[in-house]
Amino acid sequence: MNRPEDLDNLEANDNAPPPEDLTPVNSDPETDIPQAGPDEDDDSLSLRVARRNDPLFVFLLLLALSIGLTALPAEQHDLRLVLLCLAMAGYGVANWLLADGERIGSDTLENLAWGLTFAMVLSGPMLVFGENTLGAISQRMFGNLRSSSLLAFLIFVIPLAETLFFRSLLQQRFVFWLTGLMASLWSILLYLPRLDVSQFPAIGLIVSIALLLINLLYSYVRQRNGLAAAWLCQIGVNLMLILLPFVASQGY
């Protein structure tokens, strides 16, 4: 039998008010979406920025632009070179300043020395055994430029554009050899239209192989010794394989 105090407890429970509904008055379970926390907001923002910043798509656009500008007359090759380098450098500098491009911080002299060493190791034999050929090729590529203008291109314009785009942006997303292949394709489309490869296909093949080796070297130096070393390596190769034969072929 139930005791009197048990009956009193049952009656108290029956008379108790119903539990308070904690659901908001204007809440709709089907349409309400949980709010993300601060970390989730940062992650989603980074994902949106990453989707908008697609250097591979920009690379394809630059290739299309390079092919389209081959329609310019031969005497306006320097204009084509300026436009292409300006487009690539503009995108690379914008990402370097505003997005996720790699910064060139303080580096060691050892890494910088390695960059110049790799440049001399690759360029030295080519310069010794093929100086006349390199002179003829450089004249075909840059014959309408003065030596001072060519020096500015080889030291500042081209290394700035290609280093910030390929070695800073693309190599953060792809392995070094794939970045080297993409840079080689860019260089081939940039320089080979100046060579008469239809009459001299062997020259076109040799130049293409040389550009492949050079760009793979840049990507390897970037992975091994850093971005600044790759930058110096490209400047050294440009001076030894392009500027020196160019100046020698003009009789200075």
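Throughout, read-outs are computed from the coordinates displayed, never taken from laboratory work. This is a predicted model, so every value here is computed, not measured. Here the Cβ is made from the backbone with ideal geometry for all residues, glycine too, and neighbour counts use every protein chain on show.
The table for this structure:
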read-out	value
Contour excess over end-to-end distance, with Cα ends at Trp177 and Val82 and 0.36 nm allotted per residue	31.5 nm
Cα→Cβ-extended label distance, 7 Å offset, between Val197 and Ala71, nm	2.0 nm
Ascending count of other beta-carbon atoms within 10 Å, so fewest first, for Leu232, Leu211, Leu178	Leu178, Leu211, Leu232
Neighbour-count order for Trp186, Trp177, fewest beta carbons within 10 angstrom listed first	Trp177, Trp186
The stretch 163-252: C-alpha gyration tensor shape, a/c 1.5 cut-off, then a/b vs b/c	oblate
Exposure proxy ranking, count of Cβ atoms within 10 Å, fewest first, for Leu122, Leu98, Leu112	Leu98, Leu112, Leu122
Cα pair distances of the stretch 92-178 binned at 5 Å [whole percent]	3, 11, 12, 18, 22, 16, 12, 6, 1
Vicinal HN-Hα couplings computed from phi for the stretch 72-81 (Karplus, 6.51 cos²θ - 1.76 cosθ + 1.60; Hz; Gly/Pro x)	5, x, 4, 6, 9, 5, 5, 5, 4, 5
